[in-house]
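As structure tokens, the structure follows; a few thoughts come after it.
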Amino acid sequence: MPTPRIDPYFLTPDAELLAYFASCYARIASNDRDSAMFLDAQAAIEADLLLFIETCLWIQTKSRRIQLLKLNPAQMVLWETIDKLRKAGLPLYVIILKARQMGLSTLVAVYLYVNTILYPETKTIVMAHREDSVTHIFGMYERFQDYLFHGRNDDLRALYGSLKPAEGFGGRQGSKMVFRQKADRSKGLGSEIQVLLPSDAAKNGEEGTVGSGITTQNQHLSEVPKWGNAIATLGSVLSSLSDDPGSSCFIEATANRAGDDYQDLWDAAHLPENPFTPVFIPYTRLLNEYQKGFDSDETRDQFLRSLGTSANDRFGDERTLRDSFGVTPEQLNWRRRTWSLKCGRSWQVFRRNYPLMPEEAFSSAGGNFIDPMKVTHHLDKAHPPKLSGYLVAANPFATPYVETEKVQPVVSIYVEAEPFAEYLIGVDVATDYAARDHSCAVVLRRLPLEVVAILRGSDDYRMGLMEFPKQIALLGRYYNVASVLVERNALGIQVLRDLELTQLYPALLRDTDIGEKELRADGEGGEYGINTGPSNRVRLLNYLKEFYEEEDIWVRDERLLREVLALTPNKQGRIAAPKKGQTREPGTSERGFYDDLAMANSLCILAHRRLPPPKPMGLRQQEWTTRERHRFREELRNESGKITWV
């Protein structure tokens, strides 16, 4: 096959490549679909599908110019996913979350058009949310067909115009394109493309009728968040999709709002049993388009000196965007201009239309409570635990260990306990069993600051009120008899009583230990745990915000980080998970439903802030050695009545 030569203006295809691919398609057009000639030509194009697309397919650009399609960096991200699934022999089930105007709908349309004209009896449907979108998308398919091989070049049209797939038996009907020879219906592709409007969308939770009575091989479902009753309508549409390994379904959109049906679909795609592959493409991928240059080096230097350094600055924390996310000064300049010109000077609108991360796209009207850039920094480094299992011990005072075989994995150990290190445990006790909340605990090492372990069940196994305190006590002893601060709600009191009287745990924190109440004159008083009513909850979450935005910390657990990231103020101003209190079906994604780990984390931070500063391990070891020496001397004194030097 010839080596491609690139035209920088994308107006002239490589002549040898075009001739090669045109001759391949001529064999498809002129031979019986079961013949060796047909199948060999089909395989030749499929083997170099991207090269075929970039040599033979013409598009209309934003500037209304007709040119060859050359994939931009954002389109290449999607193509790599398509290519990977194709080579693995898997169906192309892809859900896409993207910034605006990245050309991804164009790439999906190109792929489905080529798939439809390569494989006989292929039915492709496209669903758009508005009439004008239907017209626009069908116009793309018409241009693919009208300009295939030749574009607007009359000489190329004369050579290759007759080779494009034949349209017959009605050809184009409104927004439908049929590929079938008129003279003999047994020949030709027998394929078709139709662009639909979900006008008969599902109502009141019932399944709609879009797609009923047909079987489709390809689906492109565009701007799903703007459909009526999207989940139920999708149920009808997806039920028409063939189970054949060669089938494909692309669901793509720019986010609409937090907690909507599209976020449910996106979150579900991350579950291991879900066949869809999630693809997120940030606006920074379009390096050449989403940027604005400077008039001079002096102007650029002045701009760099004006970069925001905090989430509360006018343009946000631009230095973190530059230093941690690789956003160039030119992209930051474009970001400021677009925020002012196209987003009504609303960062909420900007983040939804031009997200840097999925969590920005799905932020609520009040925005993320904690700067998502700070949390995403940890998410990028999150990893599975070193140990996962169930804590056991030979007796209540023996050193606990993690049993990993044939047990329910409730504890996740990221960093094992180090002698003389100081640890804190925050405990959140579940009260809303209807919403399937979890009782959980977070272990924080004080020096250096890092979350080292998590105690939490799963959908398959929730710890009961007898078992949970025992696991906390074992976890505390595993981490050098860590100080434990428990949420003192109705069930929390029961957990505290069990820890004190049954587990005999010696390091429970009282409200007086952390400055919540004053000691009595005799030095006594205080209650175990801390009340987490509305006023205390706000204070705890503000500590959590400072912890992630300002402290030098290390957090490895993805579940905890996802909860922290999802915290948003609701209409009443209460900061919580966006779906807090809603009933979640078992097996569906947990994202957005819970904030139990986040609250347990905040209890750790409160204790860390209020207790005396942590001591270095060397000093703690020295103090321990001194205490042990004195204890041993006292034992010798008691035995012999003499002081023996040790």
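The values are calculated or read from the model by the stated rules, or taken from the named source; none is laboratory data. Keep in mind that this is a model prediction, so the values were computed, not measured. Cβ coordinates were reconstructed from backbone atoms using ideal geometry, including for glycine residues, and neighbour counts include every protein chain displayed. Areas reflect the complete protein model, heavy atoms only, side chains present, ligands, DNA and RNA absent. Shrake-Rupley method; radii C 1.70, N 1.55, O 1.52, S 1.80 Å.
With respect to the conditions (1) at pLDDT below 90; (2) surrounded by 15 or more Cβ atoms within 10 Å (Cβ to Cβ), PRO2 lacks only one, and its number is (2). Based on what the data block shows, is VAL442 closer than 20 Å to ILE553 by Cα and out of contact with any Asp or Glu (no Cβ under 7 Å at 6 or more places or on another chain)? It is true that VAL442 is closer than 20 Å to ILE553 by Cα and out of contact with any Asp or Glu (no Cβ under 7 Å at 6 or more places or on another chain). For GLY316, only one of the following conditions fails: (1) under 19 Å from the mean Cα position of the chain (by Cα); (2) open to solvent by less than 40 Å² (accessible area, probe 1.4 Å). What is its number? Failed condition: (1). One residue is enough: does region 172-187 have a residue meeting the conditions at pLDDT 85 or above and polar (S, T, N, Q)? No, there is no match, as no residue in region 172-187 is at pLDDT 85 or above and polar (S, T, N, Q). Out of the residues in region 90-121 that are open to solvent by 10 Å² or more (accessible area, probe 1.4 Å) and polar (S, T, N, Q), which is farthest from ALA361 (Cα to Cα)? Across region 90-121, the extreme among qualifying residues is ASN115.
I'd like the full set of residues that are within 14 Å of ALA311 (Cβ to Cβ) and either open to solvent by less than 30 Å² (accessible area, probe 1.4 Å) or among the charged types (D, E, K, R) (or both), limited to region 360-378. Selection gives GLU360, SER363, GLY367, PHE369, ILE370, ASP371, PRO372, MET373, LYS374, VAL375, THR376. Residues of region 236-253 that are under 14 Å from THR124 (Cα atoms), touching a helix residue (DSSP H, G or I) at 6+ places or on another chain (Cβ under 9 Å) and crowded, with 16+ Cβ neighbours inside 10 Å: SER248, CYS249, PHE250, ILE251. Restricting attention to region 527-553, the residues being within 25 Å of GLY457 (Cα to Cα) and exposed (fewer than 15 other Cβ atoms within 10 Å of the Cβ) number 2. The single condition among (1) among the small types (Gly, Ala, Ser); (2) open to solvent by 40 Å² or more (accessible area, probe 1.4 Å); (3) in contact with a helix residue (DSSP H, G or I) (Cβ under 7 Å, 6 or more places away or on another chain) that GLY308 does not meet is (2).
The residues of region 369-414 that are of a type in the set (D, E, K, R) and either touching a strand residue (DSSP E or B) at 6+ places or on another chain (Cβ under 6 Å) or modelled with pLDDT of 95 or more (or both), listed by number, are LYS386, GLU403.
Figure legend. Inter-residue proximity from region 57-84: first residues more than 24 Å from LEU163 (Cα to Cα), second residues basic (Lys, Arg), beta-carbon distance below 7 Å, spacing 6+ or different chains. Indicated pairs: PRO73/ARG285; ALA74/ARG285; VAL77/ARG285. Taken together, the criteria exclude THR277 from residues that are under 30 Å from GLU550 (Cβ atoms), β-branched (Val, Ile, Thr) and open to solvent by 30 Å² or more (accessible area, probe 1.4 Å). Scanning region 386-409 for residues being of a type outside the set (Lys, Arg) and part of a loop (DSSP other than H, G, I, E, B) gives a total of 13.
Would you say PHE362 is under 26 Å from the mean Cα position of the chain (by Cα), of a type in the set (Phe, Trp, Tyr) and modelled with pLDDT under 85? It is true that PHE362 is under 26 Å from the mean Cα position of the chain (by Cα), of a type in the set (Phe, Trp, Tyr) and modelled with pLDDT under 85.
LYS342 meets each of the listed conditions (1) more than 30 Å from PRO245 (Cα to Cα); (2) buried (at least 17 other Cβ atoms within 10 Å of the Cβ) apart from (2). Mind checking which residues of region 541-563 are over 21 Å from the mean Cα position of the chain (by Cα) and closer than 14 Å to LYS374 by Cα? Listed by number, the residues that qualify are LEU544, GLU546, PHE547, GLU550, GLU551, ASP552, ILE553.
Checked against (1) open to solvent by 20 Å² or more (accessible area, probe 1.4 Å); (2) in contact with a Ser or Thr (Cβ under 8 Å, 6 or more places away or on another chain), ASN333 meets all criteria but (2). Residues of region 457-479 that are farther than 21 Å from PRO396 by Cα and not polar (S, T, N, Q): GLY457, ASP459, ASP460, TYR461, ARG462. Among helices (runs of 4 or more DSSP H) entirely within region 57-149, having at least 2 residues that are β-branched (Val, Ile, Thr) and at pLDDT 90 or above singles out 73-87, 104-118. Just one of the listed residues (LYS406, LYS386, LYS381) is at positive phi and either acidic (Asp, Glu) or open to solvent by 70 Å² or more (accessible area, probe 1.4 Å) (or both), namely LYS406. Pick from region 541-576 the residues that are at pLDDT 85 or above and in a loop (DSSP other than H, G, I, E, B): which of them is farthest from HIS383 (Cα to Cα)? Looking at residues that are at pLDDT 85 or above and in a loop (DSSP other than H, G, I, E, B), I get LEU567.
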